[in-house]
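Inspection log for the structure reproduced underneath, given as structure tokens.
The values are calculated or read from the model by the stated rules, or taken from the named source; none is laboratory data. Here the structure is a predicted model, which means the values were calculated and not measured. Every residue, glycine as well, gets a Cβ built from its backbone with ideal geometry; the counts of neighbours run over all protein chains shown.
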Amino acid sequence: MRETAFIKQNKQKWLDFERQIYAKENSNPDELSKLYIHLVNDLSYAQTFYPKSKTTLYLNNLAAKSFQRIYKTKKEEKNALIHFFKTDLPLTVYQYKRYILYTFLFFFVFTAIGVLSAAKDDTFVRLILGDAYVNQTLENIEKGDPMAVYKSGSNWGSHIGITINNLRVGLMMYIWGAFLGVGTIYILMQNSIMLGAFQYFFYDKNVFWESVRGIWIHGSMEIFAIVIEAAAGLILGASILFPNTFSRYESLKTGVKDSLKIMLSTFPFTIAAGFLEGYVTRYSNLMPKWMSVGIIITTLFAISFYYLIYPYIVHNKMITQFKTK
């Protein structure tokens, strides 16, 4: 079917559905669910035969917005916080999954730049990490304790200070997204290049695995959370740059609401990472290897599952429920 014929055949149905989605009064959730299935079928058809057309983009946006509206009209769990983390947030993450993909691509590219720059230029690590840190770490390596820098200060003091700093970085990453996402990418670039140079420094000094066993005990959740916060900043910027079929004001309003949800959802992981850095990382050289590796794998799996796998599980579950009604 030609695209013009496809649009003509379904245009009125889409417009009626759009009016129901944006109606101020509550719509019947069961009726919306049935209409949503038709919309998903139309979207699948458009993605197959007109993958790069504006029609596909319109249907994709309409499906995303309707998805959120449907669940708002359904009865929530009595505990709003449980509902937020169990259903609402995963569906929002699913809606913006491509932004998370783009952010991870940026992160890996920038980290690789940090690694390559440190490998090609002997002065790069000092430029990025500072002479004081490099000199202190070199002394610690000579003493046989590369991770000694993480043992300074008290447990609780380190926990509080590190957590506040990481929350500040995440918040700045998000806020700078309002500058069309450019600020977010810049801060992500700084942190990613620093990470790449940091890890190459330990590799170059033949203590790479010692650094991995120590740093990534807390780093798995800390770095992953930063990437998710950057994705939230990009969502905020994109809502200004690309309003699509909505007014710029409506697009921004939705972008702020959805991106803020995603950004705030990282706080428990950031706090947990701060706790691990303050209370656990400092003892990494005293742990059996299996324990430190186990902590790293467990923390990485937990946050990866929640943001990369669980949203698909929730989405597919809801679609199945709709189809059986």
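Residues checked against (1) crowded, with 16+ Cβ neighbours inside 10 Å; (2) part of a loop (DSSP other than H, G, I, E, B); (3) among the small types (Gly, Ala, Ser):
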| site | (1), (2), (3) |
| --- | --- |
| 231 | yes, no, yes |
| 296 | yes, no, no |
| 304 | no, no, yes |
| 312 | no, no, no |
| 316 | no, no, no |
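In the set 100, 128, which member is at pLDDT 90 or above, over 26 Å from residue 255 (Cα atoms) and part of a helix (DSSP H, G or I)?
Testing whether each residue is at pLDDT 90 or above, over 26 Å from residue 255 (Cα atoms) and part of a helix (DSSP H, G or I) leaves just 128.
Can you say whether residue 286 is farther than 25 Å from residue 95 by Cβ, assigned by TED's automatic domain parsing to the domain that holds residue 165 and modelled with pLDDT under 90, as far as the supplied structure shows?
Answer is yes for this residue.
Please determine, by comparing only the residues of the range 74-91 that are surrounded by 15 or more Cβ atoms within 10 Å (Cβ to Cβ) and in contact with a Pro (Cβ under 8 Å, 6 or more places away or on another chain), which one is modelled with the highest pLDDT.
90
Restricting the range 93-110 to residues that are in contact (Cβ under 8 Å) with a residue 12 or more places away in the chain and over 21 Å from residue 190 (Cβ atoms), which is surrounded by the most Cβ atoms within 10 Å (Cβ to Cβ)?
Of everything passing the filter in the range 93-110, 93 is surrounded by the most Cβ atoms within 10 Å (Cβ to Cβ).
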